[in-house]
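Derivation of every value follows stated rules applied to the coordinates shown; laboratory data play no part. None of these values were measured; they are calculated from a predicted model. Here the Cβ positions follow ideal geometry from the backbone for every residue, glycine too, while neighbour counts run over all protein chains shown.
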Amino acid sequence: MALEGRVILRGGRLMDPAGGRNEEACIVCEGGRIAEITKEMPTVSYSDNVVDIRGCFVTPGLIDHHCHIYPLAETIGLPGEPVMFSGGVTTVVDAGSCGTAHYLRHRSYREQSMLDYKAYINVSAMGLTEPEDLRPERLDEGALKELFEVCGEEWMGLKIRVSRSIVKDLGFEPLRKTIRIAEKLGVPVMVHPTDPPGSMDELLSLLRPGDVCTHMYMNLGSTILDEEGRVRRSAWEARKRGVLFEAADAQAHFGFSTAIPAIEQGFLPDFIATDGTRKSMLKRPTTFNLAMQMAKYESLGIPFQEVLRLCTAAPAAHMGLKEGQGTISIGGKADLAVFRRHEKEVIFGDRPVLDPEQRTHTGHVVYEPVLTVKSGMVVYRNILL
């Protein structure tokens with residue numbers, strides 16, 4: 001159903017890496033779509049919601065490719081709409097909160113929420129528990145196949161955590177079994193590798209084109225860096241054959257000791273996400289939200305336009321979104337975010353949960369989310385805007 005009135009954003013700078021836009025323009029949203037992008041202010045009516053965003057810039061709605069939302073994550077899931085909309089995020093991927101035992105019970109949330117999302121399904125039937133049951137004989141290929149047949153369009157693929165504390169003496173056998181199941185289902189696998197039970201070389205050798213190695217800058221156990229601090233040849237080779245690498249930091253899956261050398265050597269993410277949960281949402285000095293992640297990665301040397309692409313167009317393409325999300329184009333879905341850029345000192349931190357000697361990094365820019373439009377509706381607005 002078309003929304004009454006229009007949302008008109010005027011006076012801001014439009015920044016859209018996918019569309020090649022970096023210009024001042026007025027954006028008119030009508031019926032849930034972007035109806036017009038113009039240099040001139042259109043004639044307005046009483047029912048229009050006109051927002052003056054001078055001094056701000058407008059981007060495609062951000063896409064958080066890795067988070068855990070309630071109720072899919074029953075105990076640690078963050079409240080999706082309030083946290084995401086207030087941070088400029090309009091679409092998310094739940095990264096394996098649910099397994100086959102619970103997904104259908106929570107499926108209706110997807111239809112009830114304005115927040116668009118897809119999900120990775122945890123190969124452990126009970127989902128994200130402490131720890132998951134990853135005995136290969138317990139990974140139920142039949143149940144996964146049945147669930148995929150019912151709601152496969154909602155899936156991104158399979159998710160597995162292969163941390164040493166979870167798999168114990170099983171090593172990489174659960175990952176091998178997961179990949180065999182994924183091959184039969186024709187879907188990718190997202191792998192959580194923090195403190196793996198063997199070498200990162202072996203882990204990466206198992207991954208296929210389209211599989212995702214998340215927490216790429218973690219610094220526990222074997223990492224993407226070798227003993228000399230160089231990005232491993234296996235990581236470069238994995239990327240060359242189509243394995244994707246994601247920066248999703250949460251509180252415990254990121255270290256400057258890995259990120260800074262890897263970025264300096266040109267080993268950048270394919271996506272930037274949060275791994276947000278109730279444990280990390282809106283907390284300093286780690287993840288906070290995706291806007292804070294953008295500022296952090298810019299401070300580490302990635303140009304802002306590229307950071308923005310990794311939070312918009314790149315995940316949109318990977319998710320197969322068809323309605324124009326990830327870019328700003330006439331006729332596309334009106335998912336937009338508006339930010340103010342502040343030049344001020346900001347402290348970013350790593351691994352406070354696992355490392356009492358937390359490392360910090362100082363940045364000098366932060367991005368304040370001030371307005372979010374979802375499907376043509378203003379769903380968040382700073383009272384001062």
Checklist outcome for this item: Once Lys and Arg are counted +1 and Asp and Glu -1 for all other residues with Cβ under 9 Å from that of residue 154, the total becomes +2
Checklist entry - GNM, the chain, Cα, under 10 Å: largest mean-square fluctuation among 321, 371, 144? => result 321
Checklist entry - Any idea what the dipole of the chain comes to, in debye rounded to 20, about its Cα centre with Lys/Arg Cβ at +1 and Asp/Glu Cβ at -1? => result 180 debye
Item to check | Gaussian network model of the chain, Cα within-10 Å springs - most flexible of 59, 362, 178 | outcome: 362
Item to check | Helix-only mean residue ellipticity at 222 nm for the chain, each DSSP H run of n ≥ 4 adding -39500 (n - 2.57), per residue, nearest 500 | outcome: -6000 deg cm²/dmol
Item to check | Extreme residue, positive dipole direction of the chain, given options 307, 167, 28 (C-beta unit charges) | outcome: 28
Checklist entry - Dipole of the stretch 175-233 (Lys/Arg Cβ +1, Asp/Glu Cβ -1, origin at the Cα centre): which of 218, 199, 189 lies farthest to the positive side? => result 189
Checklist entry - Using the eigenvalues of the Cα gyration tensor, what equivalent ellipsoid semi-axes result for the chain when each is taken as the square root of five times the eigenvalue, whole Å, largest first? => result 35, 24, 17
Checklist outcome for this item: Over 25 Å (Cα to Cα) among 118/279; 118/333; 279/322; 118/374 -> 279/322
Checklist entry - Relative contact order for the stretch 63-187: what is it in percent, counting Cα pairs under 8 Å that are at least 6 residues apart? => result 21 percent
Checklist outcome for this item: Taking 164-170, 234-240, 38-44 and ranking on average Cβ neighbours within 10 Å, highest first, one gets 234-240, 164-170, 38-44
Item to check | Packing rank of 328-335, 253-260, 130-137, where each peptide gets the mean count of other beta carbons within 10 Å, highest leading | outcome: 253-260, 328-335, 130-137
Next on the checklist: Under 10 Å, Cα contacts only: if you run a Gaussian network model on the chain, which one of 292, 126, 218 comes out with the highest mean-square fluctuation?
Outcome noted: 126
Checklist outcome for this item: Of the stretch 65-88, those with amide N under 14 Å from the point 7 Å along the Cα→Cβ vector of residue 104 are none
Checklist outcome for this item: From the Cα centre of the stretch 92-158 to that of the stretch 12-40, the distance in Å is 36 Å
Checklist entry - Normalised by the residues of the stretch 62-319, what does the relative contact order come to in percent, with Cα pairs under 8 Å and at least six apart? => result 18 percent
Checklist outcome for this item: The summed charge of the residue 231 Cβ neighbourhood (under 10 Å; Lys/Arg +1, Asp/Glu -1) stands at +2
Checklist outcome for this item: Between residue 377 and residue 146, Cβ-based FRET efficiency (R0 30 Å, step 0.05) works out to 0.25
Checklist entry - Tally Lys/Arg at +1 and Asp/Glu at -1 over every other residue whose Cβ is under 15 Å from the Cβ of residue 164; what's the total? => result -4
Checklist outcome for this item: Out of 262, 148, 11 - ranked by how far each Cα lies towards the positive end of the dipole of the chain, with unit charges on the beta-carbon of charged residues - the top one is 11
Item to check | Degrees between helix 141-151 axis and first principal axis of the chain (Cα, 0 to 90, nearest 10) | outcome: 10 degrees
